[in-house]
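The values are calculated or read from the model by the stated rules, or taken from the named source; none is laboratory data. On a predicted model such as this, the values are computed, not experimentally measured, just so you know. In this analysis, Cβ positions are derived from the backbone assuming ideal geometry, glycine residues included, and neighbour counts consider all displayed protein chains.
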Amino acid sequence: MIFSSAEFLFLFLPCTLIIYYSPFLRQRRLRNAFLLLVSLFFYAWGEPVKVLLLLVSICVNWFFGGLAAEGRPYRKAALAAAVVYNLSMLFLFKYLGFVCHNLGLLGLPVPEVRLALPIGISFYTFQAMSYVIDVYRGKSPAQRSVLDVGLYVAFFPQLIAGPIVRYETVAREIHGRRETWEDFCEGVPRLIAGLGKKAVLANNMALVADAAFGSQNLSAPMAWLGAAAYALQIYFDFSGYSDMAIGMGRMFGFHFLENFNRPYLAVSITDFWRRWHISLSTWFRDYVYIPLGGNRVSPRRHLLNLFAVWLLTGIWHGANWTFILWGLGYFVLLMAEKYGGLNRRLGIFRRPYTLLCVLLLWVLFRADSLSQAGAYFAAMFTGGRGNAGDFLYYFGNMKVYFGAALLFCLPLEGLWQRIPERPRAWLESAGQAALFLLVLTYVVSSTYNPFIYFNF
């Protein structure tokens, strides 16, 4: 079940809201238990067996979180055990097959291992680790009830594809949140905006990107168009999901932090990662980079710290050499900015340079293999083997969507605020209603509805 599906929008979410706000669930504990129950049902809809893995993760991290609390003996051992368990689960389901395959290529007698990847395991595992680490650091108290930890880890709006919610940011809201009409009214338009990003923009950009990356006779114009389409697809797909998660969180009284901030307007690679997938970059910063010493070490050690962070960032996204090189590519660019002064030398060309680097690295991210990435880059820079007919076809049919996508990458808030308050309110209401109706037409008629980050 996905947010932009008919069964979710017309059945699951309305029923959940009606029951949640019914007079029978006025007590906080009952509401929390109900949200946990429907969240597990939501996950089991797509993963009827691997929901057991999610339940085990909840129980294990609740147990170690209690042992890691201040004043408890063997707190460090409990923290270490929790980290080892969580990383072991990630390795087993996400990376073991990749490691065995590459060892086999080296001639070692290692059997091939193929385990189905549980949906959202990278996201809920990082959240579970955040719980134990934040308790150990004394930033938030340990939850007495395993059900409350379960709600934090498995809450359905952000369970599958984030944003990665830090325990310290929502610990008090598990029991102390207040559901208000103002929050609900702010959450609904945020949900609708996310649905629009996903159903209208991301899905149509995906048609172009898939055609380009699946072509055997790719022309240079089509290669560049496909790369641009994928850059727009992944942004509106993932930011749309984050908008929906944040909006639904508000509808239930939770306040999740923002995950995107106009990333394609960044003026440097550093600035890009302050704007893109903020919950992941801050997670690595606070739980990996700073504990390693951050920038308060020698230049050589600082280099190693950044290398470790970006290697892990690439690995987190998937078990493929393309993801590893994608992460290391950002490491090289950041080093060029920090130690080579590249960003200062570019002057007014900083933004185009940043956008070009991000675009090229998205090609590596999207490619199924290094060989496909190499062939795609060759098509981009050497002219390719196809003709421009494919470019003219896709651009001609999708130019409206490209225009809308590019428009919504821009900061339009300033222009919007110049409109007088009363007509602006009417325009907002009418626009939200029109967008929701448009989304419904796409949801009902479209069978192409993937979420990119479901694979991570």
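Taking ASP390 as the residue in question, decide whether it is crowded, with 17+ Cβ neighbours inside 10 Å, out of contact with any Gly (no Cβ under 8 Å at 6 or more places or on another chain) and farther than 23 Å from PHE260 by Cβ. Yes. Every condition in (1) buried (at least 17 other Cβ atoms within 10 Å of the Cβ); (2) among the aromatic types (Phe, Trp, Tyr); (3) out of contact with any Gly (no Cβ under 8 Å at 6 or more places or on another chain) holds for TYR339 except the one numbered (1).
Screening LEU427 with (1) modelled with pLDDT of 90 or more; (2) more than 30 Å from the chain's Cα centre (by Cα) gives one miss only, at (1).
Of the helices (runs of 4 or more DSSP H) lying entirely inside the stretch 227-344, those containing at least 3 residues that are aliphatic (A, V, I, L, M) and in contact (Cβ under 8 Å) with a residue 12 or more places away in the chain are 299-317, 321-338. If only residues of the stretch 405-417 that are modelled with pLDDT under 80 and touching a helix residue (DSSP H, G or I) at 6+ places or on another chain (Cβ under 9 Å) are counted, the one that is nearest to TYR235 (Cα to Cα) is TRP416.
Please work out which residue is surrounded by the most Cβ atoms within 10 Å (Cβ to Cβ), limiting yourself to the stretch 77-100 and to residues that are over 18 Å from TRP316 (Cα atoms) and either without any contact (Cβ under 8 Å) to a residue 40 or more places away in the chain or of a type in the set (Val, Ile, Thr) (or both). Checked the stretch 77-100; the qualifying residue surrounded by the most Cβ atoms within 10 Å (Cβ to Cβ) is ALA81. Scanning the stretch 128-146 for residues that are surrounded by 20 or more Cβ atoms within 10 Å (Cβ to Cβ) and closer than 11 Å to ASN61 by Cβ yields ALA128, MET129, SER130, TYR131, VAL132, ILE133, VAL135, ALA142, GLN143. State whether one or more residues within the stretch 172-181 are surrounded by fewer than 22 Cβ atoms within 10 Å (Cβ to Cβ), among the aromatic types (Phe, Trp, Tyr), touching a helix residue (DSSP H, G or I) at 6+ places or on another chain (Cβ under 9 Å) and more than 30 Å from LEU87 (Cβ to Cβ). No: zero hits.
The condition of being in contact with a strand residue (DSSP E or B) (Cβ under 8 Å, 6 or more places away or on another chain), in the same structural domain as LEU435 (by TED's automatic domain parsing), within 30 Å of SER371 (Cα to Cα) and small (Gly, Ala, Ser) holds for only one of SER219, SER215, SER239, that being SER219. If I filter the stretch 426-444 for residues that are over 21 Å from LYS197 (Cα atoms) and either crowded, with 16+ Cβ neighbours inside 10 Å or aliphatic (A, V, I, L, M) (or both), do I get at least one hit? Within the stretch 426-444, none of the residues are over 21 Å from LYS197 (Cα atoms) and either crowded, with 16+ Cβ neighbours inside 10 Å or aliphatic (A, V, I, L, M) (or both). Would you say GLU112 is more than 25 Å from ALA78 (Cα to Cα) and among the acidic types (Asp, Glu)? So GLU112 fits the description; yes. Being in contact with a Gly (Cβ under 6 Å, 6 or more places away or on another chain) and not hydroxyl-bearing (Ser, Thr, Tyr), is that true of even one residue in the stretch 12-28? No - not one qualifying residue is present in the stretch 12-28. When LEU115 is tested against (1) over 21 Å from GLY253 (Cα atoms); (2) in a helix (DSSP H, G or I); (3) touching a Leu at 6+ places or on another chain (Cβ under 8 Å), exactly one condition is not met: (2).
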